[in-house]
Every structure is written in structure tokens, then in C-alpha cells.
Amino acid sequence: MPKTFLLSLPKVLLIFLIVQLATLHWLHYHVLETDTTNIIVVEAGRQRDKPWKSFFSNFEIRERNVDVFNPWNREKFMCGTIIAPNSTTTLVLGGADCPEEMSFSRVFRTDPTINNKDVPPIVIHFLDKANKNQPHDVQCDVPCAVWPTGNPTVRDPAKIDGTPFQFAAYSMEGSGIYKALEIDPKAYQKYKYYATTSFQSEVPLSYYSPSMYNIRHPPVNFETAIKGASFVARNCNSISGREALLRDLIKQASSTDFRIESLSACMRNALPPNGVNLNNKTEVMRSYFFHFSFENQKTHDYVTEKLWGALESGTLPVYFGAPNIREHVPPRSIIIVEDFTSTKELVSHLIQLSIDERLYNKYHEWRKQPLPQSFRDKYDFTEVHSYCRVCRFSFAMKYGYGWDYHRQQVKPSALLRGETCLDEKGWMASPMREIWIHDNKRITSDEQQRERNCALNKKRSASIPGTSWTRTIWDHDLVTDVEINTKRETDNTENLLWQLQLLSNTTTVNHRQRIQKAEYDIFWIQDHTSRVIVVFNETVDWMDKPQSFFQVRIHKSLRARFIVEEIDRFHQNGAETQSYFASFMIDEFLHPLVVS
């Protein structure tokens, strides 16, 4: 053997030993990241380098069995595997099924975007109507299912499975009779909602829809119609007092040839006209100049088929019921009882109309024109079944979207959610712009960068120039997580500041709020439409800045989560209330997986 080789062998062995020690150090620092308790928080670990091959070996340093513990009371997903609540699961990190870019946990198996049909359905569960069958699917633009129920006017509450949401009332009855249907303006704070005839409900239920009633039907024949008014009701125990009103009207008309005829069980004084019967109420009403559309209660927004059927028939309704009825009908399309000082005055007006065709037809001129845009906008939502609208609303609440109350649709956020945009230099530009300041020197540009590079569910890191600090971002579950780490634990961080700015219309008043807890900090910053919530895994040194800014002094490694949500302008004090989605994702953030 050559002498030179024998002399170099100890050196070769020494080099081999050094490389192997370096390898173990790399594994400890970048892969295992263990502390004295031999556990790590996966979400808080530093970004791992790509797997690499040892110089003196043929194996890849890439896989390791680890035990992952989920301390949360809900399941999480990691590498496609369910981590059950309060339990431990063994995973192979760094393998083909769990590559580096996927080695963080998720709350949802797939991002619940508005058009993602793979999201589990919203399931409406009527508490006392459920049976042993499976829920049936509802035709809807969000995944939706319902436990079968045969009665669309149930007064029973409905729950949304997998959430604390409860529709405290789901009914087409009126709150005048059923007090449980009265809207509690603060109920939403306990995740209780309403689907009733009240337009103060999150999901209004209307007796009218364009597909059910053609209210622009031509008016009755002035020459052949009966010069009088019909009344049809079976219930003679109303709380509106309609029976006394009808009795007085009949009395006022008794000395005239104006006929007021009650044709059903309540106060019947006549039979239906020849050739028609009560099985076809539309034809009955079409036989008269007028129809008394008297509701059994005087409740806001409680407008039933008694009015809509009369409008469709072509007769002229005389209405008694909802105090805000003008908000619900085309102008000058009905006669409102309360517009007259007495029943005598009302009867006189009806008689006058019945003998003056020109005056009578003034109440029908609206039928010749397109329905007012305001009316069409008000009832456009009725073309979508209420089950679907309940699912839409629940989807919006569960996943932090806005709710377009008037259109009854899920409203996309005005800001990006769970999809961070970076400018061409790698700094965050949306949903908030980040600015780094070191030793009183601005490191990042003060101008908003127009060119952006958007990526979803991919970790992206940037080194803070002139420091040993890195900032890593990854998007998942419609939120954005941020890590701020240093390679040198003794790094002087007294002069490193992180500013965050909500880029908003300057005419919009911004609102900023800080919620400090013993173990974490939460910042709100919002404009008229959107709110960004930033939660830190511990309390931070916060420095006051002008509106639309907040600033944090970086002393040590931190985790943060950005949650974007739409401002609630529908509910009382909704603009100052954190959404269910935000509360849910904050709670998850504070219970990260741990690996041992």
C-alpha cells in the first residue's frame, strides 16, 4: 500500500467524523428542532432545508417517524392524515406523502373557497324533525343538505351540524302570535339566527316570489265585476281585530247597494258567486271590485297570501295588517285601512271608486309598467329556496365571508384571504403591507409595490437585510401564518421594528383595536368593509402609530396569524364584533400541534 495513502487515512477518518457531526448538527437544528422536553411546535419550527445526500454515503437524509400530538378539542389534518382531538398520531415527516412544503397542519381538508364543491356540506338539522335517514342534498351554489322535514312552516329551531349555529326560529308564522319568533338583536352574538317573515331575519321567509304570483295580471272587468268586496278567512280569533273591523264595515255598507260578502267560515254572510268556489280563491277574488286582505296579526313584514293572491287576481286589495306594508308593494297598488279616519270614510271611498272607472283604474296603472326596481330588488332573493339561503348564510359565517343581506348571497372579501401577495422584492403587499425598520432605517420600500407574486399554500421566506432575522409566510385554511426567527439567540433586537399597514381608501375612517391577554395579543385594524385581525402567540411590545398602522418591536422569535373578515353591517354593533371564523381560527392558533 502506498505510504502517502497510509499517512492520509487518519486525516480521511477525521474528515469523515467532522462531516457526520455536522450532519447530526444540521438534523438537530433544522429537522428535529428539539428542546429539553424533546418536543416542537410544528407551526413554530424554522423552515427546513431541502433533503440532501451525505457526501460520504448513498442515503438521503429526509425521513423520520415522529409522534404528533393534537392538544385542540377538534381534529386537524397533517400530510393528509387526520390528527384526532387530544390524541397522538405517528407520521413520517419528509417522505413522499409528507414533503417539506406540506409539513404544517390544516384545520380543513381543503380550503373552503366559495366555489369549492369539495367542501363538506352545510347540514341543516331540524331538531325534532330528524329521522334515521341520511340528509338529502339541496340544490344550491354551496354544498348544502337538510334533514328531511315535511312542514315548511315549522316553528322549531334548526341547528347547523358541526357548528354552534342555531336558527332559533325557522317559521312562516308571525311573531304577533308566536313570541318566540321575535327578533333578539343581540342573539347573533351567541350564534343564534332567524329565518322568519321578518326582514330583520338573517334569512327572511317571504310569502311572495315572482314565480309564485304574477301580480301584474290585468285588472278585473269593470263592467262585469261585483260592485263590492269579498272576504275569505276561516280563523275568527285573530289578534289584529279584523273581525270587529269587518263587522263595522258591513254595518256602514248595509244602507247602500255596496256588497261586502264574507264567503268562508269566519262571519259568513254569503256564498261564492255562481261558477266559482273557494277551492280557487283567485277566481273568487277576481269576481269582485275589491278584496279585504285582512291579516290575523299586525306585525311588521308579515304579509301573506291574502294580499299577494288578491294582487294576482286583478282585484283591488283593501289591506289591514303589517304597519310597514308600503315597503312591500308597488306604489298606489292597494288601499290601506289606516289611511282613513273611520270605516264610514273608507266605505264611502270604495263606493266612489266602484262607480268611477277612471278613479278605479288609477289604482291599476302600475300593472301596465315594469315592476319598480326597488320592488324587484327587495324580492329577488325569493327565487332561491330558503334551505339554500340558510346554507349560504351558514357557509359565510362558518368560513368568515361577508353576507349580502339584500341578495342573500355569500359576499367575497374585499381583501385577499389566505392568499398573501408579495411584491417583486418578496415583501408582503396584501392583505397588509409590511415595513421593516432596523436601527431607525427603513429596510423595505415606502411605496406600495404594484407588481405582486401571489402563491397559495406555499412557504415563502425572506431575510431581513442587515440582520440575522428571517420572516416566513405560509397560507392555509383562508388564513396566513407568519414566523419571525433569528439564527442567533443573542442577536441584538432592540432596534428591529415590524410595521403593518392596511391599505385602504383614504376617505374611509379606519378603526384600530388591541386586545391583550396574559398569553397572547390580538390587534384589529379595519376600514368600512374589511377587518384584518393579527394574533401573536405571546404578548408583544406594541408602539402607537397613526390610523391604518400598527408597529411591533421584535425582541425574540414570534408566531403570528392574519385573519381577514368582512365587517358585519347588518347586526347591531356587528362592526365591533369578531366573527365566529376569527374566534375559531384564533383558538386553533393557540393550540398548535406538538411533535416528539
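The values are calculated or read from the model by the stated rules, or taken from the named source; none is laboratory data. None of the values given here were measured: they were computed from a predicted structure. Counting neighbours? That spans all protein chains shown, and the Cβs are built from the backbone with ideal geometry, glycine included.
Structure above, values below:
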quantity: Residue that is surrounded by the most Cβ atoms within 10 Å (Cβ to Cβ), among those in segment 261-276 that are of a type in the set (Gly, Ala, Ser) and closer than 10 Å to SER230 by Cβ; calculated: SER262
quantity: Residue in segment 371-379 that is in a loop (DSSP other than H, G, I, E, B), surrounded by fewer than 19 Cβ atoms within 10 Å (Cβ to Cβ) and not acidic (Asp, Glu) present; calculated: yes
quantity: Top-ranked residue of segment 302-333 - restricted to ones that are surrounded by fewer than 22 Cβ atoms within 10 Å (Cβ to Cβ) and among the charged types (D, E, K, R), ranked as nearest to ARG234 (Cα to Cα); calculated: GLU305
quantity: Residue in segment 202-218 that is aliphatic (A, V, I, L, M), more than 21 Å from SER175 (Cβ to Cβ) and in contact with a helix residue (DSSP H, G or I) (Cβ under 6 Å, 6 or more places away or on another chain) present; calculated: yes
quantity: Residue that is farthest from LYS411 (Cα to Cα) [pool: residues in segment 109-126 that are surrounded by 18 or more Cβ atoms within 10 Å (Cβ to Cβ) and touching a strand residue (DSSP E or B) at 6+ places or on another chain (Cβ under 6 Å)]; calculated: PHE126
quantity: Some residue of segment 436-445 being under 34 Å from the mean Cα position of the chain (by Cα), outside any strand (DSSP E or B) and at pLDDT below 90; calculated: no
quantity: Filtered residues of segment 251-303 (kept if part of a loop (DSSP other than H, G, I, E, B), under 45 Å from the mean Cα position of the chain (by Cα) and of a type in the set (Lys, Arg)); calculated: LYS298
quantity: Residues being surrounded by fewer than 18 Cβ atoms within 10 Å (Cβ to Cβ), out of contact with any Pro (no Cβ under 9 Å at 6 or more places or on another chain) and under 23 Å from VAL107 (Cα atoms) - total across segment 160-188; calculated: 2
quantity: Boolean, PRO317 is touching a strand residue (DSSP E or B) at 6+ places or on another chain (Cβ under 9 Å), part of a loop (DSSP other than H, G, I, E, B) and either in contact (Cβ under 8 Å) with a residue 12 or more places away in the chain or closer than 25 Å to HIS364 by Cα (or both); calculated: no
quantity: Of all residues in segment 277-289 being farther than 15 Å from ALA233 by Cβ and touching a helix residue (DSSP H, G or I) at 6+ places or on another chain (Cβ under 8 Å), the one that is surrounded by the fewest Cβ atoms within 10 Å (Cβ to Cβ); calculated: ASN277
quantity: Number of positions in segment 451-484 that are closer than 29 Å to ASN116 by Cα, more than 30 Å from the chain's Cα centre (by Cα) and either at pLDDT below 60 or surrounded by 18 or more Cβ atoms within 10 Å (Cβ to Cβ) (or both); calculated: 1
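Let's see how each residue does on (1) within 30 Å of THR472 (Cα to Cα); (2) without any contact (Cβ under 8 Å) to a residue 24 or more places away in the chain:
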site	(1), (2)
TYR360	no, no
LEU371	no, no
SER374	no, yes
TYR379	no, no
SER394	no, no
GLY400	yes, no
ALA414	yes, no
GLU419	yes, no
LYS425	yes, no
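The rows are residues; the columns are (1) hydrophobic (A, V, I, L, M, F, W, C); (2) touching a Ser or Thr at 6+ places or on another chain (Cβ under 6 Å); (3) at pLDDT 90 or above.
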residue	(1), (2), (3)
ASN505	no, no, no
GLU519	no, no, no
TRP524	yes, no, no
PHE536	yes, no, yes
ILE563	yes, no, yes
PHE570	yes, no, yes
PHE581	yes, no, yes
PHE584	yes, no, yes
ASP587	no, no, yes
